[in-house]
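Asks: Handing you a structure now.
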Amino acid sequence: MTQPSVILATASYDHTIRFWEAKSGRCYRTIQYPDSHINRLEITPDKRFLAAAGNPHIRLFDVNSNSPQPVMSYDSHTNNVMAVGFQCDGNWMYSGSEDGTVKIWDLRAPGCQREYESRAAVNTVVLHPNQTELISGDQNGNIRVWDLTANSCSCELVPEVDTAVRSLTVMWDGSLVVAANNHGTCYVWRLLRGTQTMTNFEPLHKLQAHKGYILKCLLSPEFCEPQRYLATASSDNTVKIWNVDGFTLEKTLIGHQRWVWDCVFSVDGAYLITASSDTTAKLWNMSNGEEIKAYQGHHKATVCCALHDGAEPSPS
């Protein structure tokens, strides 16, 4: 199989993962996933593997093969895995689960290397661009910074008591972090470097983005500069695009018929892919907010999407 330059994958409550040709909208590969539903998809930096976070395992699939079998399974969580991601060189993977833990996995070795206890169901985990801190958000409203060098929790904050943090996102240069919650609110902080390695949060903005839940928030990537956007996907069936300079509403992406669960920017920030309970994923033009393409083939809610249209990292 020749590797496509753009890898686009979606997963649905219909127990399948689908790979799509981004431009044509054609589905070229379907993986049956009978064991559980899938909460999150992530593609490795080298574009070779797709991680699917389920209940309670994470499975790694070969992007460039037609094999329906995973190449690896990571099995020590005991409940839904809600978050998964990779360190920039692809050497290790991180995950967060409703079992209350954040885990780190060496991709070259079996088993989990490290575990951090959040004491509440973890909904979201992001890796700081410095590659040495993980930030997690949980069902009780706690945000915690896990310092991987010191191997401990270096910072805790609770933006809104007893309000679940659904999604976290960090600006590519580490300057901002945004947390979105079940009340449709985004909290924005500046990240300041203290004298220690600890990251300090300075409150910058509180944004009432939606009336419904925010299911995903995402800051635009480096190659989108000088524009900086925040995308918020919601249970109100829309995605809103905010200008990070002042957090003014730039545009609202209207077209999905049901909840929008996930979104991902193209590498240059010119496009956005969304996944919705209406069974479709959609491709949007960021410059005018228009829908370009709908990816149709799932039979139930499409709850997550992954896109890798950038260059693979050069071997170090």
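Asks: May I ask you to say which residue of 159, 129 is within 18 Å of the chain's Cα centre (by Cα) and farther than 17 Å from residue 82 by Cα?
Replies: So the residue among 159, 129 that is within 18 Å of the chain's Cα centre (by Cα) and farther than 17 Å from residue 82 by Cα is 129.
Asks: Okay, next question. How many of the residues in segment 20-67 are out of contact with any strand residue (DSSP E or B) (no Cβ under 7 Å at 6 or more places or on another chain) and crowded, with 20+ Cβ neighbours inside 10 Å?
Replies: 0
Asks: Kindly provide the set of residues from segment 289-302 that are among the β-branched types (Val, Ile, Thr) and either under 13 Å from residue 272 (Cβ atoms) or free of Cβ contacts under 8 Å to residues at least 40 places away in the same chain (or both), ordered by number.
Replies: 292, the sole residue that qualifies.
Asks: With respect to the numbered conditions (1) open to solvent by 20 Å² or more (accessible area, probe 1.4 Å); (2) in contact with a Phe, Trp or Tyr (Cβ under 9 Å, 6 or more places away or on another chain); (3) hydroxyl-bearing (Ser, Thr, Tyr), which one is the sole condition not fulfilled by residue 13?
Replies: (2)
Asks: Of all residues in segment 273-316 being outside any loop (DSSP other than H, G, I, E, B) and basic (Lys, Arg), which is most open to solvent (accessible area, probe 1.4 Å)?
Replies: Within segment 273-316, the match that is most open to solvent (accessible area, probe 1.4 Å) is 293.
Asks: Can you name the number of the only condition in (1) under 20 Å from residue 23 (Cα atoms); (2) under 18 Å from the mean Cα position of the chain (by Cα); (3) without any contact (Cβ under 8 Å) to a residue 40 or more places away in the chain that residue 305 fails?
Replies: (3)
Asks: Could you say which residue among 255, 246 is over 21 Å from residue 290 (Cα atoms), without any contact (Cβ under 8 Å) to a residue 40 or more places away in the chain and of a type in the set (Gly, Ala, Ser)?
Replies: Among 255, 246, only 246 is over 21 Å from residue 290 (Cα atoms), without any contact (Cβ under 8 Å) to a residue 40 or more places away in the chain and of a type in the set (Gly, Ala, Ser).
Asks: So is residue 92 more than 16 Å from the chain's Cα centre (by Cα), surrounded by 20 or more Cβ atoms within 10 Å (Cβ to Cβ) and of a type outside the set (A, V, I, L, M) or not?
Replies: Details: more than 16 Å from the chain's Cα centre (by Cα): yes; surrounded by 20 or more Cβ atoms within 10 Å (Cβ to Cβ): no; of a type outside the set (A, V, I, L, M): yes.
Here the answer is no, as residue 92 does not meet what is asked.
Asks: Do any residues in segment 7-30 that are modelled with pLDDT of 95 or more and among the basic types (Lys, Arg) have Cβ atoms under 7 Å from those of residues that are assigned to a loop (DSSP other than H, G, I, E, B) and buried (at least 21 other Cβ atoms within 10 Å of the Cβ), where the two are at least six apart or on different chains, and which pairs are they?
Replies: 18/298
Asks: Which condition breaks for residue 153 when tested against (1) open to solvent by less than 70 Å² (accessible area, probe 1.4 Å); (2) among the hydrophobic types (A, V, I, L, M, F, W, C); (3) assigned to a loop (DSSP other than H, G, I, E, B)?
Replies: For residue 153, the exception is condition (3).
Asks: How many residues does segment 261-272 contain that are part of a strand (DSSP E or B) and in contact (Cβ under 8 Å) with a residue 40 or more places away in the chain? Step through it out loud before you land on a result.
Replies: Going residue by residue through segment 261-272, those that are part of a strand (DSSP E or B) are 261-265, 271-272.
Within this subset, residues satisfying the condition of being in contact (Cβ under 8 Å) with a residue 40 or more places away in the chain are 261-265, 272.
Matching residues across segment 261-272 total 6.
Asks: Assess whether residue 145 counts as being among the aliphatic types (A, V, I, L, M), closer than 22 Å to residue 221 by Cα and open to solvent by 10 Å² or more (accessible area, probe 1.4 Å).
Replies: no
The values are calculated or read from the model by the stated rules, or taken from the named source; none is laboratory data. Nothing here was measured: the structure is a model prediction, and the numbers come from that model. Methodologically, a virtual Cβ is constructed for each residue, glycine included, from the backbone with ideal geometry; neighbour enumeration extends over all protein chains shown. Ligands, DNA and RNA are stripped out before the accessible areas are found, and what is left, the full protein with its side chains, is counted by its heavy atoms. Shrake-Rupley method; radii C 1.70, N 1.55, O 1.52, S 1.80 Å.
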